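Q: Let me begin by handing over the structure; questions about it come next.
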Amino acid sequence: LTRLLPESNAVLLCLPLTAETTGLLGESELALLPEHAVLVNVSRAAIVDEEALYEALRARRLGAAAFDVWYREPTKDEEIGQCPPSRFPFEQLENLVMSPHRASNFASKEQLRLRFLAELLNSAAREGVFPNAVDLQAGY
């Protein structure tokens, strides 16, 4: 990672949140990226240190970022749309796009999800194992 980050124009994060990936990109890793680099996170926000990301973007030490994940989620007492995405004012930055992690919420995907679920269950019934089983030791 320390060898690749300085050579990267763009970094796409799409990995599970585990003990090993939490805070994977912190202040020192973000500092290795070129100033023009773009960071895209479609996994979980906590993989990138919240304060380090904010400071790198605010100071323009990182070119831009696009996140479809947030650091804060609404609690039961907060209404959707009333919960800021972070404890930092990311919304004031011009070099960041944040959208809610909602790709799986489209009604058109429901049939596809049900078909895949049926295939998994049928495979388990026929062969006795689930394809794509979760590895509890790895955490995903």
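Q: Among the listed residues GLU50, GLU27, GLU55, which satisfies the condition of being of a type outside the set (Phe, Trp, Tyr) and open to solvent by 60 Å² or more (accessible area, probe 1.4 Å)?
A: Result: GLU27 is the single residue among GLU50, GLU27, GLU55 that is of a type outside the set (Phe, Trp, Tyr) and open to solvent by 60 Å² or more (accessible area, probe 1.4 Å).
Q: Let me ask something additional. Looking at THR75, is it at pLDDT below 95, among the β-branched types (Val, Ile, Thr) and either surrounded by fewer than 17 Cβ atoms within 10 Å (Cβ to Cβ) or not in a strand (DSSP E or B) (or both)?
A: The answer is yes for THR75.
Q: Let me ask something additional. Looking at the range 2-19, can you tell me whether even one residue there is at pLDDT below 95, on the phi > 0 side of the Ramachandran plot and out of contact with any helix residue (DSSP H, G or I) (no Cβ under 7 Å at 6 or more places or on another chain)?
A: No, there is no match, as no residue in the range 2-19 is at pLDDT below 95, on the phi > 0 side of the Ramachandran plot and out of contact with any helix residue (DSSP H, G or I) (no Cβ under 7 Å at 6 or more places or on another chain).
Q: Moving on to the next point. Keeping to the range 2-24, report how many residues are part of a helix (DSSP H, G or I) and either among the aliphatic types (A, V, I, L, M) or surrounded by 17 or more Cβ atoms within 10 Å (Cβ to Cβ) (or both). Show your work before the answer.
A: So the first thing to find is which residues in the range 2-24 are part of a helix (DSSP H, G or I), and the list is 5-7.
Subset that is either among the aliphatic types (A, V, I, L, M) or surrounded by 17 or more Cβ atoms within 10 Å (Cβ to Cβ) (or both): 5.
Number satisfying all stated conditions: 1.
Q: Also, quick follow-up: Could you check, for the range 26-37, whether at least one of its residues is without any contact (Cβ under 8 Å) to a residue 60 or more places away in the chain, in a helix (DSSP H, G or I), charged (D, E, K, R) and farther than 25 Å from ALA138 by Cα?
A: Within the range 26-37, one or more residues are without any contact (Cβ under 8 Å) to a residue 60 or more places away in the chain, in a helix (DSSP H, G or I), charged (D, E, K, R) and farther than 25 Å from ALA138 by Cα.
Q: Also, I was wondering about something else. Please find, within the range 79-106, the residue that is nearest to ALA59 (Cα to Cα) out of those that are open to solvent by less than 90 Å² (accessible area, probe 1.4 Å), at pLDDT below 80 and in a helix (DSSP H, G or I).
A: So, considering only residues that are open to solvent by less than 90 Å² (accessible area, probe 1.4 Å), at pLDDT below 80 and in a helix (DSSP H, G or I), the one nearest to ALA59 (Cα to Cα) is ALA103.
Q: LYS109 versus (1) open to solvent by less than 50 Å² (accessible area, probe 1.4 Å); (2) modelled with pLDDT under 70: which is the lone unmet condition?
A: (1)
The values are calculated or read from the model by the stated rules, or taken from the named source; none is laboratory data. This one's a predicted model, so the numbers in the text were calculated from it and none came from an experiment. We place every Cβ from the backbone using ideal geometry, glycine too, and count neighbours over all the protein chains shown. Only protein heavy atoms, including side chains, enter the accessible area calculation; ligands, DNA and RNA are left aside. Shrake-Rupley method; radii C 1.70, N 1.55, O 1.52, S 1.80 Å.
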